[in-house]
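Have a look at the structure below before the remarks.
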């Protein structure tokens with residue numbers, strides 16, 4: 001489901017609030033996609049990026065963020 005309001009989420013390493021996420025990414029939150037029965041979103045849309053959330057699980061549950069420009073031609 002697509003949420004237009006932020007929903008806090010956590011990994012074993014860190015908890016993410018809207019404020020901490022926006023600070024880390026450097027852009028303003030717009031929406032997130034959260035699959036049923038999942039605690040961590042798959043995608044987060046910001047004003048300028050689509051952020052892909054990639055799970056990293058070795059010893060602890062963690063995630064990494066991959067920023068993809070929403071309008072690549074605007075970066076030139």
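Of note:
- Any hit, the stretch 43-56, residues being surrounded by 11 or more Cβ atoms within 10 Å (Cβ to Cβ) and at pLDDT below 90: yes
- Screening the stretch 14-25 for residues that are touching a strand residue (DSSP E or B) at 6+ places or on another chain (Cβ under 8 Å) and over 17 Å from residue 38 (Cα atoms) and picking the one that is surrounded by the most Cβ atoms within 10 Å (Cβ to Cβ) gives 21.
- Within the chain, strands (runs of 3 or more DSSP E) holding 1 or more residues that are under 12 Å from the mean Cα position of the chain (by Cα) and in contact (Cβ under 8 Å) with a residue 40 or more places away in the chain: 61-69
The values are calculated or read from the model by the stated rules, or taken from the named source; none is laboratory data. These numbers were taken from a predicted model, which means no experiment stands behind them. Because the Cβ atoms are built from the backbone with ideal geometry, glycine has one as well, and the counts that use them run over all protein chains shown.
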